[in-house]
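**Q** Next up is a structure, given as C-alpha coordinates.
The values are calculated or read from the model by the stated rules, or taken from the named source; none is laboratory data. Everything numeric here is computed off the predicted structure, so don't read it as measured data. Neighbour counts run over all protein chains shown; Cβ positions are idealised from the backbone, glycine included.
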Amino acid sequence: MPHATSPGTVLFRKATMDDIPLLERWEEAPHMVEAMPDFEWDYAEDFQHDPDWRDQLIAEVDGVPIGFLQILDAHREETRYWGEVPIGTHAIDIWIGAPDYLGKGYGWQMMTYAITKCFAVPACQQILIDPFESNAHAISFYKKLGFEFVESRLFDEEDEPCSVYRLTRKKWSETNPAE
(Lines give C-alpha, C1' and ligand atoms only; values in the text may rest on other atoms or scores of the structure.)
Protein backbone atom coordinates (compact mmCIF):
# COMPACT_ATOMS: atom_id res chain seq x y z
CA MET A 1 0.00 0.00 0.00
CA PRO A 2 2.29 2.80 -1.23
CA HIS A 3 1.42 6.25 0.02
CA ALA A 4 -0.41 8.47 -2.42
CA THR A 5 1.78 11.42 -1.45
CA SER A 6 4.90 9.93 -3.11
CA PRO A 7 5.79 12.31 -5.92
CA GLY A 8 8.53 10.11 -7.40
CA THR A 9 9.79 6.60 -7.75
CA VAL A 10 12.77 5.37 -5.77
CA LEU A 11 15.60 4.06 -7.92
CA PHE A 12 18.70 2.28 -6.63
CA ARG A 13 22.38 2.31 -7.42
CA LYS A 14 25.35 0.62 -5.82
CA ALA A 15 26.84 2.54 -2.89
CA THR A 16 30.47 3.54 -3.45
CA MET A 17 33.35 5.14 -1.59
CA ASP A 18 32.18 8.48 -3.01
CA ASP A 19 29.00 8.12 -0.92
CA ILE A 20 30.82 7.90 2.43
CA PRO A 21 30.71 11.65 3.24
CA LEU A 22 26.98 11.69 2.53
CA LEU A 23 26.33 8.60 4.67
CA GLU A 24 28.37 10.04 7.54
CA ARG A 25 26.48 13.33 7.28
CA TRP A 26 23.17 11.45 7.37
CA GLU A 27 24.28 9.61 10.52
CA GLU A 28 24.49 12.97 12.29
CA ALA A 29 21.01 14.16 11.26
CA PRO A 30 18.73 14.59 14.30
CA HIS A 31 16.15 12.05 13.09
CA MET A 32 18.90 9.47 12.55
CA VAL A 33 20.48 10.06 15.97
CA GLU A 34 17.05 9.69 17.58
CA ALA A 35 16.26 6.48 15.66
CA MET A 36 19.71 4.90 15.94
CA PRO A 37 21.67 6.27 18.92
CA ASP A 38 25.35 5.29 19.07
CA PHE A 39 25.15 4.09 15.47
CA GLU A 40 28.51 3.45 13.82
CA TRP A 41 29.23 1.87 10.45
CA ASP A 42 32.62 1.39 8.81
CA TYR A 43 31.56 2.15 5.25
CA ALA A 44 35.13 2.24 3.89
CA GLU A 45 35.81 -1.29 5.07
CA ASP A 46 32.45 -2.56 3.82
CA PHE A 47 32.68 -0.91 0.41
CA GLN A 48 36.17 -2.35 -0.18
CA HIS A 49 34.81 -5.84 0.41
CA ASP A 50 31.99 -6.64 -2.02
CA PRO A 51 30.81 -10.23 -1.44
CA ASP A 52 28.12 -11.78 -3.61
CA TRP A 53 25.85 -12.28 -0.59
CA ARG A 54 25.38 -8.53 0.06
CA ASP A 55 23.97 -5.53 -1.81
CA GLN A 56 24.61 -2.02 -0.49
CA LEU A 57 22.53 0.52 -2.32
CA ILE A 58 21.82 4.22 -2.38
CA ALA A 59 18.15 5.06 -2.89
CA GLU A 60 17.52 8.06 -5.11
CA VAL A 61 14.45 10.06 -6.11
CA ASP A 62 14.77 12.21 -9.22
CA GLY A 63 18.56 11.77 -9.01
CA VAL A 64 18.73 12.95 -5.38
CA PRO A 65 20.21 10.48 -2.85
CA ILE A 66 17.69 9.98 -0.04
CA GLY A 67 18.63 6.78 1.76
CA PHE A 68 20.64 3.62 2.17
CA LEU A 69 19.58 0.00 1.76
CA GLN A 70 21.55 -3.12 2.60
CA ILE A 71 20.25 -6.56 1.66
CA LEU A 72 22.23 -9.61 2.71
CA ASP A 73 22.15 -13.35 3.05
CA ALA A 74 22.28 -13.61 6.85
CA HIS A 75 23.34 -17.25 6.74
CA ARG A 76 26.40 -16.45 4.61
CA GLU A 77 27.30 -13.15 6.33
CA GLU A 78 30.88 -13.55 7.57
CA THR A 79 30.75 -11.89 11.00
CA ARG A 80 27.83 -14.06 12.15
CA TYR A 81 26.08 -10.89 13.30
CA TRP A 82 22.71 -12.68 13.17
CA GLY A 83 24.05 -15.81 14.87
CA GLU A 84 23.40 -19.26 13.51
CA VAL A 85 20.43 -18.75 11.22
CA PRO A 86 19.09 -21.31 8.75
CA ILE A 87 19.90 -21.30 5.07
CA GLY A 88 17.32 -19.12 3.35
CA THR A 89 17.53 -16.27 5.88
CA HIS A 90 18.12 -12.76 4.56
CA ALA A 91 18.38 -9.47 6.44
CA ILE A 92 17.69 -5.84 5.57
CA ASP A 93 19.07 -2.55 6.88
CA ILE A 94 17.33 0.59 5.68
CA TRP A 95 17.24 4.26 6.47
CA ILE A 96 16.22 7.52 4.89
CA GLY A 97 18.96 10.00 5.64
CA ALA A 98 17.51 13.03 3.88
CA PRO A 99 14.92 14.46 6.33
CA ASP A 100 12.85 16.15 3.58
CA TYR A 101 11.99 12.69 2.24
CA LEU A 102 10.56 11.26 5.46
CA GLY A 103 6.88 10.37 5.71
CA LYS A 104 6.27 10.48 1.96
CA GLY A 105 6.15 6.76 1.14
CA TYR A 106 9.76 6.36 0.06
CA GLY A 107 10.57 4.00 2.93
CA TRP A 108 7.64 1.83 1.82
CA GLN A 109 9.03 1.76 -1.73
CA MET A 110 12.50 0.91 -0.43
CA MET A 111 11.25 -1.92 1.78
CA THR A 112 8.94 -3.46 -0.80
CA TYR A 113 11.84 -3.41 -3.28
CA ALA A 114 14.12 -5.10 -0.72
CA ILE A 115 11.52 -7.70 0.28
CA THR A 116 10.73 -8.50 -3.34
CA LYS A 117 14.45 -8.81 -4.12
CA CYS A 118 14.97 -11.17 -1.16
CA PHE A 119 12.04 -13.41 -2.03
CA ALA A 120 13.09 -13.46 -5.72
CA VAL A 121 15.80 -15.82 -4.44
CA PRO A 122 13.97 -19.17 -4.37
CA ALA A 123 15.89 -20.38 -1.28
CA CYS A 124 14.96 -17.29 0.78
CA GLN A 125 12.29 -18.26 3.30
CA GLN A 126 12.56 -15.41 5.83
CA ILE A 127 13.86 -11.87 6.26
CA LEU A 128 15.16 -10.40 9.52
CA ILE A 129 15.39 -6.79 10.68
CA ASP A 130 16.69 -5.38 13.96
CA PRO A 131 15.46 -1.88 14.87
CA PHE A 132 16.45 -0.46 18.22
CA GLU A 133 13.70 -1.17 20.78
CA SER A 134 13.31 2.57 21.30
CA ASN A 135 12.52 3.15 17.61
CA ALA A 136 8.73 2.80 17.88
CA HIS A 137 8.14 4.46 14.51
CA ALA A 138 10.28 1.90 12.65
CA ILE A 139 8.75 -1.01 14.54
CA SER A 140 5.24 0.14 13.65
CA PHE A 141 6.31 0.51 10.01
CA TYR A 142 7.77 -3.01 9.87
CA LYS A 143 4.65 -4.50 11.47
CA LYS A 144 2.52 -2.91 8.73
CA LEU A 145 4.69 -4.76 6.21
CA GLY A 146 3.96 -8.06 7.98
CA PHE A 147 7.09 -8.47 10.10
CA GLU A 148 6.49 -10.31 13.37
CA PHE A 149 8.41 -9.98 16.64
CA VAL A 150 10.95 -12.74 17.35
CA GLU A 151 13.01 -11.54 20.32
CA SER A 152 14.77 -8.71 22.10
CA ARG A 153 18.49 -8.94 21.57
CA LEU A 154 21.65 -7.10 22.47
CA PHE A 155 23.91 -7.45 19.44
CA ASP A 156 26.77 -5.46 20.93
CA GLU A 157 27.26 -4.76 24.63
CA GLU A 158 27.68 -1.05 23.89
CA ASP A 159 24.48 -0.75 21.84
CA GLU A 160 20.98 -0.47 23.11
CA PRO A 161 18.71 -3.51 22.80
CA CYS A 162 17.20 -4.34 19.43
CA SER A 163 13.90 -5.95 18.57
CA VAL A 164 14.39 -8.70 16.03
CA TYR A 165 11.49 -9.07 13.60
CA ARG A 166 10.92 -11.66 10.90
CA LEU A 167 8.90 -11.74 7.71
CA THR A 168 8.36 -15.18 6.22
CA ARG A 169 7.82 -15.89 2.54
CA LYS A 170 4.44 -17.41 3.47
CA LYS A 171 3.30 -14.29 5.38
CA TRP A 172 4.43 -12.00 2.54
CA SER A 173 2.64 -14.06 -0.11
CA GLU A 174 -0.55 -14.09 2.00
CA THR A 175 -0.57 -10.31 2.37
CA ASN A 176 0.87 -9.47 -1.08
CA PRO A 177 -0.57 -12.07 -3.49
CA ALA A 178 0.64 -10.14 -6.56
CA GLU A 179 4.26 -10.54 -5.47
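**Q** Assess whether Thr89 counts as being surrounded by 17 or more Cβ atoms within 10 Å (Cβ to Cβ), of a type in the set (Ser, Thr, Tyr), farther than 14 Å from Tyr165 by Cα and out of contact with any Gly (no Cβ under 9 Å at 6 or more places or on another chain).
**A** Considered against the rule, which asks whether it is surrounded by 17 or more Cβ atoms within 10 Å (Cβ to Cβ), of a type in the set (Ser, Thr, Tyr), farther than 14 Å from Tyr165 by Cα and out of contact with any Gly (no Cβ under 9 Å at 6 or more places or on another chain), Thr89 comes out as no.
**Q** Moving to a separate point now. Against the definition (outside any loop (DSSP other than H, G, I, E, B), of a type in the set (Phe, Trp, Tyr), modelled with pLDDT of 85 or more and closer than 16 Å to Ala138 by Cβ), how does Phe68 come out, yes or no?
**A** yes
**Q** Could you tell me which of the residues Tyr142, Tyr113 is of a type outside the set (Lys, Arg) and within 16 Å of Ile58 (Cα to Cα)?
**A** When all the criteria are applied, what remains is Tyr113.
**Q** Can we say Gln109 is out of contact with any Lys or Arg (no Cβ under 7 Å at 6 or more places or on another chain), under 15 Å from Ile71 (Cα atoms) and crowded, with 16+ Cβ neighbours inside 10 Å?
**A** yes
**Q** Residues in the stretch 72-84: is at least one under 13 Å from the mean Cα position of the chain (by Cα), more than 20 Å from Ser140 (Cα to Cα) and in a loop (DSSP other than H, G, I, E, B)?
**A** Scanning the stretch 72-84 turns up at least one residue that is under 13 Å from the mean Cα position of the chain (by Cα), more than 20 Å from Ser140 (Cα to Cα) and in a loop (DSSP other than H, G, I, E, B).
**Q** Could you identify the single residue in Glu84, Glu60 that is loosely packed, with under 11 Cβ neighbours inside 10 Å and within 29 Å of Thr168 (Cα to Cα)?
**A** Glu84
**Q** Inspect the stretch 71-84 for any residue being out of contact with any Gly (no Cβ under 7 Å at 6 or more places or on another chain) and either touching a residue at least 60 places away in the same chain (Cβ under 8 Å) or among the hydroxyl-bearing types (Ser, Thr, Tyr) (or both) and give the result as yes or no.
**A** Yes, the stretch 71-84 contains at least one residue that is out of contact with any Gly (no Cβ under 7 Å at 6 or more places or on another chain) and either touching a residue at least 60 places away in the same chain (Cβ under 8 Å) or among the hydroxyl-bearing types (Ser, Thr, Tyr) (or both).
**Q** Collect the residues in the stretch 122-146 that are under 17 Å from the mean Cα position of the chain (by Cα), within 19 Å of His75 (Cα to Cα) and of a type in the set (A, V, I, L, M, F, W, C), keeping them in residue-number order.
**A** Cys124, Ile127, Leu128, Ile129 - these are the residues of the stretch 122-146 that are under 17 Å from the mean Cα position of the chain (by Cα), within 19 Å of His75 (Cα to Cα) and of a type in the set (A, V, I, L, M, F, W, C).
**Q** Additional query: Regarding Tyr165, is this residue farther than 28 Å from Asp19 by Cα, surrounded by 16 or more Cβ atoms within 10 Å (Cβ to Cβ) and hydroxyl-bearing (Ser, Thr, Tyr)?
**A** yes
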